[in-house]
Structures are given as structure tokens and as C-alpha cells.
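Chemist: Provided herewith is a single structure, encoded as C-alpha cells, for subsequent inquiry.
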Amino acid sequence: MDKQTQTEIEAAAFRQLLKHLDEHKEAQNIDLMILAGFCRNCLAKWYRSEAEERGVTLNYEDAREAIYGQPYDEWKEKYQKKATPEQLAAFEARQNKSA
């Protein structure tokens, strides 16, 4: 596989991941962090970092908007639920496990 085709496939897979996350807003960021060790905000940080490595200036809020498909504050107000004590305990246990 040539490099251009590989890049196109990777980009398409990334777009599909974003679409999947958008279609499953019930998957809360804390749940993603507990299960996978990353969340939508992590994706935004990686997105921003990769842009900057290529000389593209991108602030964090714009990166989050690219990942969430809307301004983060709007998404958070509409879809983010308060973490339960059980979720917080599971998140802390995962953090301690990986430390």
C-alpha cells in the first residue's frame, strides 16, 4: 500500500470514529476513560498536537469543536451527565492502576 492510500484510509477511519462517537453520545467521556484510557477531549488534544507539528495553529477549543461537531460548551450542556460516585471510583482505580 502506498503512503497516500494509507493516509486516506487512516483519515477515513478517524472520520468514522468521530461519526460513531457522535451517534453514541450516551457513551460519556468518563466511561471512555475508564474503559479505553482516552476520551473525546484526548482526541482533541491529539488533533491539536498533530496540527501544530505540521505548522497549523489550532487552539484547544477549535480542536474540541472539530471532535465534538459543535462548541464543547454546547455539547456538554446537551449531553454530558454528572459522573456518578461509581464512575468516579472506577476512574480513580484505573488511574491508580496505570500509575
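No lab work stands behind these numbers, since they all come straight from the coordinates. What you are looking at is a predicted structure, and each value in this text was computed from that prediction instead of being measured. All Cβ positions, glycine included, derive from the backbone under ideal geometry; neighbour counts span all protein chains shown.
Chemist: Scan the range 26-62 for residues that are basic (Lys, Arg) and either over 15 Å from residue 72 (Cα atoms) or over 12 Å from the mean Cα position of the chain (by Cα) (or both) and jot them down. First the steps, then the outcome.
Modeler: Pass one, the range 26-62, residues basic (Lys, Arg): 40, 45, 48, 54.
54 - this is the single residue of the range 26-62 that is basic (Lys, Arg) and either over 15 Å from residue 72 (Cα atoms) or over 12 Å from the mean Cα position of the chain (by Cα) (or both).
Chemist: Report every pair of residues separated by at least 6 positions or lying on different chains whose Cβ atoms are under 7 Å apart, first residue within the range 25-49 and in contact (Cβ under 8 Å) with a residue 40 or more places away in the chain and within 16 Å of residue 93 (Cβ to Cβ), second buried (at least 18 other Cβ atoms within 10 Å of the Cβ) and of a type in the set (A, V, I, L, M, F, W, C).
Modeler: That search, which allows pairs on different chains as well, returns 33/39.
Chemist: Residues that are touching a helix residue (DSSP H, G or I) at 6+ places or on another chain (Cβ under 6 Å): list the helices (runs of 4 or more DSSP H) wholly contained in the chain that include at least 2 such residues. Write out each step before concluding.
Modeler: On the way: elements: 3-23, 29-36, 40-53, 60-68, 72-79, 85-98.
Once the helices (runs of 4 or more DSSP H) in the chain are filtered for at least 2 residues that are touching a helix residue (DSSP H, G or I) at 6+ places or on another chain (Cβ under 6 Å), what remains is 29-36, 40-53, 60-68, 72-79, 85-98.
Chemist: Right, next: Tell me which of these residue 16 doesn't satisfy, since it passes every other one: (1) surrounded by fewer than 11 Cβ atoms within 10 Å (Cβ to Cβ); (2) within 23 Å of residue 73 (Cβ to Cβ).
Modeler: Only one criterion in (1) surrounded by fewer than 11 Cβ atoms within 10 Å (Cβ to Cβ); (2) within 23 Å of residue 73 (Cβ to Cβ) is unmet by residue 16, namely (2).
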